[in-house]
Amino acid sequence: MTQLLVVFAGLPGVGKSTLARQVGVALGAAVLTVDPIERALARHGLTGPGSGQAGYDALAGLAEVQLGLGTSVVVDAANPAAGTRGLWSELSERAGVPLRLIEVYCGDEAELRRRVEARHTADPLAPTWEQTRQRGTGYEPLIGPRLVVDTTIPIDPLPAILRYLT
């Protein structure tokens, strides 16, 4: 299979991480997530303006290393704004690999709230429902070629995602 840069986008709790892991296994790709990077920055007091972009820049750097080794990369991050998404198209061009965007959402707000609250209960560092709602107000939907996946539809989305990637 051709080397790829696969980038997931969507709010917390929509199912990005689950799908990213499944795609990574299916492709034999490195799966890189922004969450541990953001947590490491926070542990060192690096929060506030610019810290989110710093986390994405670090993630892009790790992705570039893997792409340079000939490994496909799956990025698991909210990618809430056009500015952060620009990193991926620039990286794709520099590395000479195709970019595939997958926007994930949960079409049932009650289900999304249940997921977010369950995650927060299991991991107090995960966003709360209020934080997720706040992030939703600033989330800019992707524009352009992408696959859009609603994780509330009772059909396994993995086959369709893999078809999109080939």
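For the residues L99, L27, L87, the requirement of being buried (at least 20 other Cβ atoms within 10 Å of the Cβ) and either under 24 Å from R163 (Cα atoms) or of a type in the set (G, A, S) (or both) singles out L27. Restricting T18, T84, T71 to those that are outside any helix (DSSP H, G or I) and either of a type in the set (S, T, Y) or farther than 20 Å from T151 by Cα (or both) reduces the list to T71.
Within segment 30-61, the set of residues being among the small types (G, A, S), part of a helix (DSSP H, G or I) and open to solvent by 40 Å² or more (accessible area, probe 1.4 Å) comprises A42, A54, A58. Among the conditions (1) under 24 Å from R39 (Cβ atoms); (2) modelled with pLDDT of 95 or more; (3) of a type in the set (A, V, I, L, M); (4) open to solvent by 40 Å² or more (accessible area, probe 1.4 Å), the only one that A118 does not satisfy is (2).
For the condition at pLDDT 95 or above, open to solvent by 80 Å² or more (accessible area, probe 1.4 Å) and either out of contact with any Phe, Trp or Tyr (no Cβ under 6 Å at 6 or more places or on another chain) or over 19 Å from T2 (Cβ atoms) (or both), what is the one hit in V73, V65? Being at pLDDT 95 or above, open to solvent by 80 Å² or more (accessible area, probe 1.4 Å) and either out of contact with any Phe, Trp or Tyr (no Cβ under 6 Å at 6 or more places or on another chain) or over 19 Å from T2 (Cβ atoms) (or both) holds for just one of V73, V65, which is V65. Among the residues of segment 131-166, those identified as farther than 18 Å from V6 by Cα, in a helix (DSSP H, G or I) and not charged (D, E, K, R) are Q131, T132, Q134, G136, T137, G138.
Checked against (1) open to solvent by 40 Å² or more (accessible area, probe 1.4 Å); (2) in contact with a strand residue (DSSP E or B) (Cβ under 7 Å, 6 or more places away or on another chain); (3) over 10 Å from V74 (Cα atoms), A9 passes all but condition (1).
Considering segment 36-56, the residues that are closer than 30 Å to D108 by Cα and touching an Asp or Glu at 6+ places or on another chain (Cβ under 8 Å) include one that is modelled with the lowest pLDDT, namely G52.
The values are calculated or read from the model by the stated rules, or taken from the named source; none is laboratory data. A quick note: this is a predicted structure, and the numbers were derived from the prediction, not measured. Here the Cβ is made from the backbone with ideal geometry for all residues, glycine too, and neighbour counts use every protein chain on show. Only protein heavy atoms, including side chains, enter the accessible area calculation; ligands, DNA and RNA are left aside. Shrake-Rupley method; radii C 1.70, N 1.55, O 1.52, S 1.80 Å.
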